[in-house]
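Since the structure comes first, as structure tokens, the remarks are kept for the end.
The values are calculated or read from the model by the stated rules, or taken from the named source; none is laboratory data. Since this is a predicted model, take the numbers as computed values, not measurements. Quick reminder, even Gly has a Cβ in these numbers, built from the backbone with ideal geometry, and neighbours come from all protein chains shown.
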């Protein structure tokens with residue numbers, strides 16, 4: 001311990017002596033010895049100050065990293081907020097487009113008494129295709145009431161409560177709607193297949209049915225008004241051993257993307 005203290009004192013005295021010699025050598029001394037002394041002081045200064053410079057560099061680097069890390073967190077947070085805001089804006093735009101389509105549809109079909117409704121839930125099983133909407137008997141909904149969207153026929157009401165109704169979608173195997181081919185007026189029955197397709201049944205194989213033909217409601221049985229869009233023919237198969245053609249129809253409405261819909265009232269006033 002004493003030896004360490006002696007070394008520190010010696011270094012301190014040496015530094016002081018060098019400073020004195022340098023100060024006196026500025027005016028009168030030009031000898032080579034003074035030059036050596038200056039060089040010695042320079043080396044001494046480097047040795048003494050090097051640890052402090054090293055620590056200062058490390059501290060500066062650490063502070064820089066801390067600041068960079070903080071800035072990165074702030075930028076990530078700002079980016080997350082912008083993403084959320086963008087999603088909200090996209091949803092608002094989608095909602096605006098849907099409401100605009102519903103308004104345009106209602107304006108274009110003033111001959112129909114349309115009551116708007118929204119989907120609450122939907123059966124996602126592969127067999128049964130039903131949905132629950134937020135309108136019931138208090139709003140004028142009733143059993144067998146036709147349900148459609150701006151894209152086409154959705155289904156009909158099969159059960160009703162004061163504030164909700166259950167819809168049987170046209171893709172359900174239990175659904176059957178009188179229909180005809182729009183261009184030729186060939187009649188048949190649209191039935192669900194359990195998936196996302198329909199069949200137009202009881203059409204003789206000799207009838208003129210082509211891929212791309214539009215299928216609409218025929219108005220028979222007085223459940224659905226005539227002329228409502230149902231779907232388009234995507235496949236026609238004619239078996240020589242069968243009387244009727246096998247006609248596959250794709251519905252205009254994407255049943256897994258139903259949002260805004262209408263119930264078609266029959267001479268009754270809707271209430272909220």
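The condition of being modelled with pLDDT of 95 or more and either touching a helix residue (DSSP H, G or I) at 6+ places or on another chain (Cβ under 6 Å) or under 28 Å from residue 136 (Cβ atoms) (or both) does not hold for residue 261. Residues in region 145-165 that are under 29 Å from the mean Cα position of the chain (by Cα) and either within 13 Å of residue 261 (Cβ to Cβ) or surrounded by fewer than 16 Cβ atoms within 10 Å (Cβ to Cβ) (or both): 147, 148, 149, 150, 151, 152, 153, 154, 155, 165.
When the test is whether a residue is surrounded by 20 or more Cβ atoms within 10 Å (Cβ to Cβ), assigned by TED's automatic domain parsing to the domain that holds residue 244 and either assigned to a loop (DSSP other than H, G, I, E, B) or touching a residue at least 40 places away in the same chain (Cβ under 8 Å) (or both), residue 117 passes it.
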